[in-house]
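Nothing in this text is a laboratory measurement; each read-out follows from the coordinates by a stated rule. Predicted model only: the values in this text are computed from it and were never measured. Note that each Cβ is placed from the backbone with ideal geometry, even for glycine, and that neighbours are counted across all protein chains shown.
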Amino acid sequence: MFGDLQYAWRQLRKSPGFALTVVLTLAIGIGANSAMFSLMDAIVLRPLAVPDLNRVMTVDEEQGHGNYKQVSLANYEDWKAQSRSFEDMVVYRLSEMSLTDGGGATQVVAASTSENFFSVLRAGPLMGRGFDASQAQEAKMR
């Protein structure tokens with residue numbers, strides 16, 4: 001095996017362009033692998049920082065064969081009024097928005113939620129305060 005490594009080293013020294021390509025390919029592959037593992041670790045392997053997460057579940061609507069869509073507000077309100085199985089229900093809608101400051105815009109993913117979002121998750125917002133029912137009524141009237 002040591003002889004094979006010496007031969008490989010000599011061949012790489014003879015063609016530096018190929019050696020650079022090999023090193024860059026390995027660097028990109030290792031970097032992408034590290035990034036994907038970090039992402040999976042943060043999203044899948046570590047639980048969310050929500051107390052009693054085992055009591056929280058997601059309900060989706062299926063449209064067609066395996067195509068899921070976000071729940072409409074009318075269906076959410078019907079489900080919430082008629083539900084006997086859940087303690088409480090929350091609706092949220094994800095959308096991409098532009099966050100601007102003096103310098104430029106940044107694309108962010110934002111969530112529009114019902115007023116009881118934080119109370120159902122038994123968590124609070126990181127900054128500021130949560131919502132109350134009067135603000136939700138004002139938003140529905142707009």
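With coordinates expressed along the principal axes, the C-alpha atoms belonging to segment 2-45 extend over 44, 24, 6 Å, beginning with the largest.
Distance between the modelled labels on residue 59 and residue 4, one decimal in nanometres: 5.9 nm (7 Å Cα→Cβ projection). Stretching the chain fully between residue 18 and residue 119 yields a gain of 30.5 nm (0.36 nm per residue, less the alpha carbon separation). Each Cα pair under 8 Å and six or more residues apart adds its sequence gap; the mean of these over the residue count of the chain is a relative contact order of 14 percent.
Of all complete DSSP H helices in the chain, those with a Cα span along the helix axis of 24 Å or greater and a mean Kyte-Doolittle hydropathy of 0.5 or more are 16-40.
Compactness check for the chain: Cα Rg over 2.2 N^0.38 Å is 1.75.
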